[in-house]
Amino acid sequence: MKRSLSHFDSRGRVRMVDVTAKGATERTAVARGFVCIAAGALAKVRKMNTPKGNPLEIARIAGIAAAKRTSELIPLCHPLLLTHIDVAAKLCQNGVEIVSRVTATGPTGVEMEALTAATVAALTIYDMCKALDRGMEISEIYLVEKAGGRSGHYVRPGSARGRS
């Protein structure tokens, strides 16, 4: 099967993909992100003792809100009626792991919504904790898994399936 970039027409012009004829199917995507935080700052986060409140809970809510607004942020992304969004932020030895899961029934996938949720949750952790550590690093933002649609099921090679 020949693959091409779907957001370009045959003349190389940018276009929104036409999903009019595609049937609605259940689509799910899981994305991950990580925020590396210095040990001293992480100790304060563990106690939820930050100048702005509980960063994990606020990041979780920010990720959910961001997933719902993905089409406003990504120019060629279709607006979708999302049926479920879950964002988890978990303290780890050297930072915070973020996992988002987004579901919809529609003609196109929800990968961008899951990635946006994880990214904005990571940015929110940074914002909430920057008074403690300006050297935080946001990394490892990637699609873990997606299901539904014509292209079928995808699981990132080497990822632990079902981590979310």
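We did not get these values from a lab; they are worked out from the coordinates using the rules stated. Model, not experiment: these values are computed from the prediction. Positions of Cβ are backbone-derived with ideal geometry, glycine not excepted, and every protein chain shown enters the neighbour counts.
Each Lys or Arg adds one and each Asp or Glu subtracts one; over the other residues with Cβ under 14 Å from the Cβ of Asn94, this totals -2. Here segment 65-164 carries DSSP beta bridges of which approximately 100% are antiparallel, counting only pairs with both residues inside. Charge tally around Glu140: other residues with Cβ under 9 Å, Lys/Arg +1 each, Asp/Glu -1 each, net 0. Counting only lysines at least 8 places from Lys52 when in the same chain, those with an alpha carbon closer than 29 Å to its own are Lys44, Lys68, Lys90, Lys130.
Think of it as helices only: each DSSP H run of n ≥ 4 in the chain is worth -39500 (n - 2.57), and spread over all residues that comes to -8500 deg cm²/dmol at 222 nm. Using Cβ point charges alone (K and R +1, D and E -1), the dipole size of segment 1-99 about the Cα centre works out to roughly 200 debye. Each principal axis of the Cα cloud of segment 39-149 was evaluated for its coordinate range; sorted largest first, these ranges are 46, 23, 21 Å. Neighbours of Phe34, meaning other residues whose beta-carbon lies under 11 angstrom from its beta-carbon, give a summed charge of -1 when Lys and Arg score +1 and Asp and Glu score -1.
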